[in-house]
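All remarks here apply to the structure that follows.
Every number in this text was worked out from the coordinates using simple rules, so none of it is lab data. All values derive from a computational prediction rather than experimental measurement. No Cβ is skipped: glycine too gets one built from the backbone with ideal geometry, and neighbour counts run over all protein chains shown.
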Amino acid sequence: MGQSVSTAKLMSRRDCNHSQRLKSKPTALICPMQAEEAEELDRGSIDGLSDFISDLPDDCLACIFQSLSPGDRKQCSLVCRRWLRIEGQSRHRLSLNAQSDLYPLIPSIFSRFDSVTKLALKCERRSISIGDEALVQISKHCRNLTRLKLRACRELTDAGMLVFAKNCRGLKKLSCGSCTFGAKGMNAVLDNCPALEELSVKRLRGITEGVAAELIGPGVAAAALKTICLKELYNGQCFGPLIIGAKNLKSLKLFRCSGDWDKLFPLIVDRVTGMVEIHMERIQVSDVSLVAISNCLNLEILHLVKTPECTNAGLGAIAEKCKLLRKLHIDGWKANRIGDQGLIAVAKSCSNLQELVLIGVNPTKLSLELLASNCLNLERLALCGSDTVGDAEISCIAVKCIALKKLCIKSCPVSDHGMEALASGCPNLVKVKVKKCRGVTSEGADWLRAHRGSLAVNLDTGEHLDASASDGGAQDNGVEFPAVVAGQIGAPSIASSSTGRSSSLKLLGLLSGRSLVASTLRRLASSNGRSQS
Amino acid sequence: MAFTWSKTIYMGLDPIFLTELSISIIIFSTIASSKKSRVSKIKTADNEIFEVEEAVATMSNTIKIMAGDCSGGVIPLNNVHSTIFARVIEWCKKHVDDGEDLEYYKGALKNCDATFFEVDQAVLYHLLTTANSLDIKPLLHQGCQRFVDMINGKTVEEIRQLLHIKNDFTNEEEDETRKKLWSSVVGMNSFILL
């Protein structure tokens with residue numbers, strides 16, 4: 001066209017004019033002074049108050065909706081027909097009140113929301129839930145479902161689960177709590193969903209007890225299953241074949257499931273060689289299981305909560321062989337079966353240890369010193385309900401624990417004197433939380449804050465001194481450390497509430513499936529390359 | 001060069017080798033610097049031509065693909081106006097080194113990019129549409145976030161007023177289907193927990 005080239009200088013002048021004009025107008029309406037700009041950009045309307053949003057492509061609108069909070073999303077869906085349509089189409093996640101009177105609305109709900117892949121059906125305890133026919137209808141509408149969460153849908157039976165499984169063969173994650181179907185229904189899912197990666201079952205009332213119990217096998221999901229979590233099952237043993245058969249299982253969590261697990265663990269470990277994470281809480285396991293588990297050479301995370309038949313010997317066996325251990329939580333229930341001896345074994349062997357939580361365990365300087373010196377990556381430490389953790393122990397940690405970033409002390413005989421040690425020790429310490437330690441006063445906390453400005457000091461004296469720290473269960477303690485919110489359906493929009501960059505990053509990273517390490521590295525790289533903003 | 005020669009003779013090093021080395025260093029750095037300043041030529045819908053550094057321009061996936069097809073020639077953008085394109089390029093220049101983490105961009109919106117988006121709806125819409133058609137995800141993300149902030153906490157009617165949207169649900173005349181749709185949508189919404 002022979003047009004002269006816009007040089008950088010010319011561009012920036014234009015730009016400067018634009019930005020000068022526009023910067024003074026932060027509000028929505030276009031004023032007459034900007035007629036020139038409006039004329040240039042406006043493609044058809046006469047006055048400045050036209051509905052630009054109808055020019056916005058559907059994709060953009062969908063992008064906006066997907067970032068809205070659920071409440072805002074609902075409001076937007078009622079604005080106009082186009083928004084209703086797009087809002088419905090762009091919804092992948094849906095959480096419904098699964099009461100029985102949901103049933104007649106199912107066709108209209110799922111024709112509006114035709115792209116749902118993650119569905120939660122939650123019923124209140126006192127209401128009657130949807131039944132099989134509703135579940136079947138939903139499954140016909142949501143053929144591409146990848147995640148299903150059921151809560152207290154007591155009217156669902158094995159038959160309904162079977163039809164559902166046949167219609168939603170792409171299911172990747174199933175989480176059911178307080179349902180009443182049984183082994184047949186569970187097997188139906190396992191036999192029809194070859195992509196099932198995560199199974200979480202809590203209180204499944206239909207599973208029969210005793211010898212006649214029907215066993216639950218891995219079915220076609222054997223190769224895909226990566227995570228199994230079983231809670232409060234009367235007959236957890238019937239899941240035995242499932243666990244043993246899931247040859248690629250990485251994470252196994254057992255909470256308060258009756259049965260003799262010592263018989264199963266050797267069998268499990270024999271077949272499942274790649275186990276990375278094991279949580280055991282109030283189940284019947286002893287050193288027999290721990291010795292079996294020590295053969296999981298890839299084990300990184302171990303939680304032993306209120307299992308008083310597990311002793312130092314068992315922990316030592318694991319420590320010796322599982323050298324990749326990163327996170328260790330022990331709630332000894334004050335039974336004193338696990339103490340210095342086991343922890344020393346951990347210190348000697350598990351140099352990768354990053355996180356250590358000890359509840360109702362009584363370690364002394366002997367083990368703490370060694371842990372601090374040997375575990376050079378120990379970043380997070382929580383000590384709760386220990387009779388033996390006092391000022392000397394805290395000083396020892398302060399002096400020896402170089403990598404420590406977060407420290408939590410609860411219901412221990414620590415005093416202000418011990419806190420003073422933290423002013424100069426632990427060079428990387430970012431946060432310390434002290435709860436229900438009678439000897440630590442607010443003056444002590446203030447002193448520490450004054451002497452170490454960069455340290456966040458959180459003191460909670462508590463109304464009643466709780467002697468037994470382990471009553472609340474493992475969740476109550478060490479709650480600082482960001483919990484893994486593994487694919488929760490219908491999680492509230494986390495984006496809008498960022499408590500701190502690192503924790504929101506972690507949660508968001510986990511939720512969006514992005515590698516935390518990768519994104520952190522990128523951020524570090526970009527913050528170096530970024531010019532001043 | 002003379003200095004180099006005398007120094008090398010003094011040090012006993014082979015001067016010819018060093019000369020060759022210097023020449024190749026010069027050539028290499030010329031290549032390197034020319035690579036750095038490779039420009040893309042882009043023509044907007046109103047026939048204005050922009051010369052933009054390749055790294056900046058290819059933040060747009062669309063331009064990246066088109067550059068592959070055009071191989072050195074002028075890339076035509078038939079539905080992007082120069083005014084808006086200039087703004088988009090301004091944003092791209094700022095973020096050329098910032099990588100692809102969308103969450104980072106969300107945070108950046110609160111800080112360095114806040115004023116960039118303090119624009120009228122018309123400009124905002126055009127930014128968003130252009131970011132979409134040029135496939136610049138981080139910019140699209142930020143633009144959407146701006147809308148999210150605008151919509152946050154508002155009622156249906158407030159949203160309509162803010163964005164000048166006509167409500168085609170309600171009507172003055174009796175229309176059974178429209179009323180049914182409205183009430184069923186509202187009723188439906190009450191079953192939706194999230």
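Please average, across the residues of B:98-107, the number of beta carbons from any other chain that are within 10 Å of each residue's own beta carbon, and give a whole number.
6
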Packing-based exposure ordering (other Cβ within 10 Å, fewest first) of A:MET275, A:MET161, B:MET188: B:MET188, A:MET275, A:MET161
log10 I(q)/I(0) for the stretch B:11-151, Debye formula on C-alpha points only (no solvent), q = 0.11, 0.17, 0.20, 0.22 Å⁻¹, two decimals, reads -0.50, -0.92, -1.18, -1.34
Over all pairs of different Cα atoms in the stretch A:383-448, the reciprocal of the mean inverse distance gives a Kirkwood radius in Å of 11.5
Across peptide B:81-92, how many C-beta atoms of other chains are within 10 Å of each residue C-beta, on average? 3
Rounded to the nearest 0.05, what FRET efficiency is calculated for B:LEU162 and A:SER127 with R0 set to 41 Å and r the Cβ-Cβ distance? 0.60
If you average 1/r across every pair of different Cα atoms in the stretch A:329-380 and take the reciprocal, what Kirkwood value do you get, in Å? 10.9
Just the number, please: percent antiparallel of the DSSP beta bridges in the stretch A:92-259, rounded to the nearest 5. 5
Rounded to one decimal in nm, the spacing of the 7 Å Cα→Cβ label points at B:ALA114 and A:LEU267 is 6.2
By DSSP, what percent of the beta bridges with both residues in the stretch B:11-151 are antiparallel, rounded to the nearest 5? 60
If one computes P(r) from the Cα atoms of the stretch A:211-267, what percent of pairs lie at distances over 16 Å? 39
Note down the Stokes-Einstein diffusion coefficient of the stretch A:92-259 in µm²/s, whole number, using a Kirkwood radius over alpha carbon pairs, 20 °C, and 1.002 mPa s. 136
At most 14 other Cβ atoms within 10 Å and a DSSP loop assignment: could you name the GluC sites (Glu not before Pro) in the stretch A:98-185 that fit? A:GLU124
May I ask for the distance between the Cα centers of the stretch B:106-138 and the stretch A:56-128, given as a whole number of Å? 27
Values of log10 I(q)/I(0), in the order q = 0.09, 0.16 Å⁻¹, for the stretch A:165-294 under a Debye, Cα-only, solvent-free model: -0.22, -0.73
Given the candidates A:SER415, A:GLN341, A:ILE330, the one whose Cα lies deepest towards the positive end of the charge dipole of the stretch A:306-432, counting +1 at each Lys or Arg C-beta and -1 at each Asp or Glu C-beta, is A:ILE330
Only counting other Cβ atoms within 10 Å, I'd like A:VAL361, B:VAL119, A:VAL457 sorted with the fewest neighbours first. A:VAL457, B:VAL119, A:VAL361
Sort A:337-346, A:176-185, A:136-145 for me by packing, meaning the mean count of neighbouring Cβ atoms within 10 Å per residue, highest on top. A:337-346, A:176-185, A:136-145
